[in-house]
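Scroll down for the structure; my scribbles are underneath it.
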Amino acid sequence: MAANTVADFVEEVQRYNRLYNKFSRDNKNEYMKVNCWTAIGEKVDMSAEDPEKKFKNTRTVYGRFLRKKKTVPSGSGRATTRK
């Protein structure tokens with residue numbers, strides 16, 4: 001299965017809870033993380049390091065998007081959330 005979109009890639013990463021959930025028992029187990037990233041890399045036709053970089057980049061970009069969406073300039077008179 002080749003991940004053609006970011007959504008497909010993120011769905012594949014979601015199958016491995018230990019990669020992004022800091023409360024998971026296996027979150028600090030580096031050996032398990034490497035195995036998970038390797039498995040994801042095989043499914044999306046990437047090397048073991050590339051999926052990890054892609055996920056971190058995607059998470060950072062999405063976080064920036066959410067922060068930008070929530071922040072309102074002071075004195076703008078605009079509501080904080082869109083209707």
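Nothing in this text is a laboratory measurement; each read-out follows from the coordinates by a stated rule. Since the structure is predicted, the reported quantities are computational estimates derived from the model, not experimental observations. All Cβ positions, glycine included, derive from the backbone under ideal geometry; neighbour counts span all protein chains shown.
How much length is gained if the chain between Ser24 and Lys68 is pulled fully straight, taking 0.36 nm per residue apart and subtracting their Cα-Cα distance, in nm to one decimal?
Numbers: separation 44, 0.36 × 44 = 15.84 nm, distance 2.92 nm.
Between Ser24 and Lys68, full extension yields an extra 12.9 nm.
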How big is the dipole moment of segment 7-54 about its Cα centre under a simple scheme where the beta carbon of each Lys and Arg is +1, that of each Asp and Glu is -1, and everything else is neutral? Debye, nearest 20, please.
360
Considering the zone a paramagnetic label at Val10 would reach in this model (a point 7 Å from Cα along the Cα-to-Cβ line), which residues of segment 38-52 have amide N under 17 Å from it?
51-52
